[in-house]
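To keep things clear, I will list the structure first and then write my remarks on it.
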Amino acid sequence: MDLTHQDWKSRAEKLGFRGQAFIDGRFVDAVSGRTFDSVNPATGAVLTPVAECDAADVDRAVAAARRAFEDGRWSRRAPGERKAVLLRLAELIRANLEELALLDSLDMGKLVTDAATGDVPGAAAFFQWYGEAIDKVFDEVAPTGPGDLALVRRVPLGVVGAVTPWNFPLDMATWKSAAALAAGNSVVLKPAEQSPLSALRLAELAVEAGLPEGVLNVVPGFGQTAGQALGRHMDVDCLAFTGSTAIGKKFMEYAGQSNLKQVWPETGGKSPNLIFSDCENLDAAADMAAFGIFFNQGEVCSANSRLYVERSIKEAFVEKMIARAEATQPGDPLDPGSKMGAIVDEAQTEGIMRFVEAGRDTANLVAGGERIHIDGKGCFVQPTIFDDVAHDDPLARDEIFGPVLSIIPFDSEDEAVAMANDSVYGLAASVWTDNLSRALRVSDRLFAGTVSVNTVDALSAMTPFGGMKQSGFGRDLSLHSLEKYTALKTTWIKYKA
Ligand code: NAD
Ligand code: MN
């Protein structure tokens, strides 16, 4: 990306916002007429009013989605035809890259350069991947014998509800909707109230790409109202959720208290990163350990927030980490020179700072620790490191969801694995060692949906992403995510053999 700070600023000034709900192929106000403000956390400025959808709007969106599903305008199109639309959508996302990158950056504070080189190309790539995949997935014929033909097919579920968080607004909307749409479902998406703008634009682009009206609907609003209405809806067949563990549990309750819809929670994490002294390139390990906690302001579900370092190299490694923290100071998210952006909002910033303040008394603060302002404004937190954190300290147990790293020494492989696994979460883990047997042995023993060896946050469209334990059990990405959005259906045919 070769745009300058000034380029991004002038593009941001010219940017238009669409804050209405997107239902049945059109932008509409909430039934109540109410709106809430979309705020830029880097400046505190209001970007635009956004439709405050509630149960009445969710009803309209679900009804539109159901009509579209029933009449087959998308659900009964050949996979090859669905593919063509999803590939066009991928191209439109690429064609509107700067706008989409700005929407996410302005709405939730991430670096616009990260959005432009990561989030937006990623969204295009995932729509492309599912588009390309969907006409290559075959079903089964059971080995019955003559006189019987039993087809075992994956069929779309109907109306998929998706509720997403604010940390990767466009990508979370994409991770849910690309696979659900590829499989032939209709979707009603409730983006996080902190960052609804890119999902609304995505739905508009999808119609431009040829997605029939009513197949992808977006209802911005709050969790208690719009989110809960979707979770409790009697005509929603599946609820794909990404967000906190507490709210993931709520969606399972909603399903049990309503229509037994399938619920796929992908929730929080407190991912361990294990550095063994037999890791040859400790500088690379430190670079990636810093990336693993400071990327996206630490607002990453799989953030490597617990760093376990073998005691013999700990002091030297802490020095490397301090240097990297000092080089990762936040700045204006629109400035390509900034190393970190703004925290999503005031409430999240205050929550992070409560952990930091408590940690000053219980652990050894070695880097950062301050909330700062850029040009006198905004929600910014310095990259922060605590050393010698006790294993049972909240710093080492709770998901902080900010740029705060806890370092904990270990003396043996067994001890490192035991501490790493002693968590209610199990989303991701990393291991650094050049001993192949140790890499495999430790990976085998770690309870995590993804274990990265000699890297952090390994992720691709080809491999499933999701957790174990209270990180939930839904899987995004890969062909396996199609399983969430389809049911197995048997059709048994008798014939004269
Ligand atoms: P959150 O759980 O507060 O909100 C997520 C979504 O749920 C939002 O759209 C919100 O409006 C909605 N919601 C909130 N309360 C609700 C309620 N009572 N009923 C129905 N819906 C409700 O999470 P957040 O703060 O937006 O996001 C941060 C969390 O997301 C972190 O825990 C993070 O680990 C997790 N996350 C997980 C993954 C993953 O793939 N496992 C990816 C990104 C983020
Ligand atoms: Mn916002």
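Hey, what did the chain get for relative contact order, percent, Cα under 8 Å, at least 6 apart?
Working: 1176 pairs, mean separation 88.3, N = 497.
In percent, rounded to a whole number, it is 18.
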Handout entry: Solvent exposure ordering (accessible area, 1.4 Å, most first) of Ile372, Ile293, Ile493
Key = Ile493, Ile372, Ile293
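Over segment 364-497, average the accessible area per residue using a 1.4 Å probe and give it in Å², no decimals.
Per-residue value: 44 Å².
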Problem - Label-point separation in nm, Leu488 to Glu350, each point 7 Å along Cα→Cβ - result: 5.0 nm
Fill in the blank from the handout: To the nearest 10 degrees, the tilt of helix 346-362 (Cα long axis) against the first principal axis of the alpha carbons of the chain is 40 degrees
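For segment 267-332, what class follows from the C-alpha gyration tensor (a ≥ b ≥ c being the square roots of its eigenvalues): rounded when a/c is under 1.5, otherwise prolate if a/b is larger than b/c, else oblate? Each step should come with its number before you reach the end.
Details: a/c = 2.44, a/b = 1.32, b/c = 1.85.
Oblate.
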Handout entry: Carbon plus sulfur fraction of accessible area for the chain, probe 1.4 Å, in percent
Key = 54 percent
Handout entry: Cα centroid separation, segment 415-439 to segment 88-125 (Å)
Key = 33 Å
Practice task
Only helical DSSP H runs with n ≥ 4 go in: add -39500 (n - 2.57) per run for the chain, normalise by residue count and round the 222 nm mean residue ellipticity to 500 deg cm²/dmol.
Solution key: -11500 deg cm²/dmol
Handout entry: Crossing angle, helix 311-326 versus the chain [Cα axis fit, 0-90 degrees, rounded to tens]
Key = 70 degrees
Completion exercise
Between the Cα axis of helix 5-14 and the main Cα principal axis of the chain, the angle (0 to 90°, nearest 10) is 40 degrees
Fill in the blank from the handout: Residue separation between Lys9 and Leu151 times 0.36 nm, minus their alpha-carbon distance, gives in nm 45.4 nm
Handout entry: By average C-beta atoms within 10 angstrom, highest first, the peptides 190-198, 14-22, 428-436
Key = 190-198, 428-436, 14-22
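In whole percent, what relative contact order does segment 97-167 give with Cα contacts below 8 Å and a gap of six or more residues? Don't jump to the answer; show the numbers that get you there.
Working: 38 pairs, mean separation 14.6, N = 71.
Answer for segment 97-167 is 21 percent.
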Fill in the blank from the handout: Over all directions, the chain yields a Cα convex hull whose mean projected area in nm² is 24.5 nm²
Handout entry: With DNA, RNA and ligands ignored, accessible area of Asp139 (1.4 Å probe; Å², nearest 10)
Key = 80 Å²
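With the cut-off at 1.5 for a/c, could you classify segment 235-283 from its C-alpha gyration tensor as rounded, prolate or oblate?
On the way: a/c = 5.63, a/b = 4.00, b/c = 1.41.
Prolate shape, in that a/c is at least 1.5 and a/b is the bigger ratio.
Looking at the chain, send over the antiparallel percent of its DSSP beta bridges, to the nearest 5.
Counting only bridges with both partners in the chain, antiparallel ones make up about 45 percent.
Ordering Phe168, Phe276 by how much accessible area each has at a 1.4 Å probe, largest first, what is the list?
On the way: Phe168 30, Phe276 0 Å².
Descending accessible area places them as Phe168, Phe276.
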Completion exercise
Descending accessible area (1.4 Å probe), largest on the left, turns Glu208, Glu98 into Glu208, Glu98
Exercise for the section: Would you check the accessible area of His373, probe 1.4 Å, heavy atoms only, in square angstrom rounded to 10? Expected result: 100 Å²
Completion exercise
Given a Förster distance of 35 Å, the FRET efficiency implied by the Cβ-Cβ spacing of Thr463 and Ala327, rounded to the nearest 0.05, works out to 0.70
Completion exercise
Rounded to the nearest 10 Å², the 1.4 Å probe accessible area of Phe291 is 90 Å²
Problem - Violating pairs (Cα-Cα greater than 20 angstrom) within the set Lys136/Lys484; Lys176/Lys484; Lys320/Lys377; Lys136/Lys190; Lys176/Lys261; Lys190/Lys339 - result: Lys320/Lys377; Lys136/Lys190; Lys190/Lys339
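The values are calculated or read from the model by the stated rules, or taken from the named source; none is laboratory data. This one's a predicted model, so the numbers in the text were calculated from it and none came from an experiment. Cβ coordinates were reconstructed from backbone atoms using ideal geometry, including for glycine residues, and neighbour counts include every protein chain displayed. Side chains included, ligands, DNA and RNA excluded: accessible areas come from the protein's heavy atoms. Shrake-Rupley method; radii C 1.70, N 1.55, O 1.52, S 1.80 Å.
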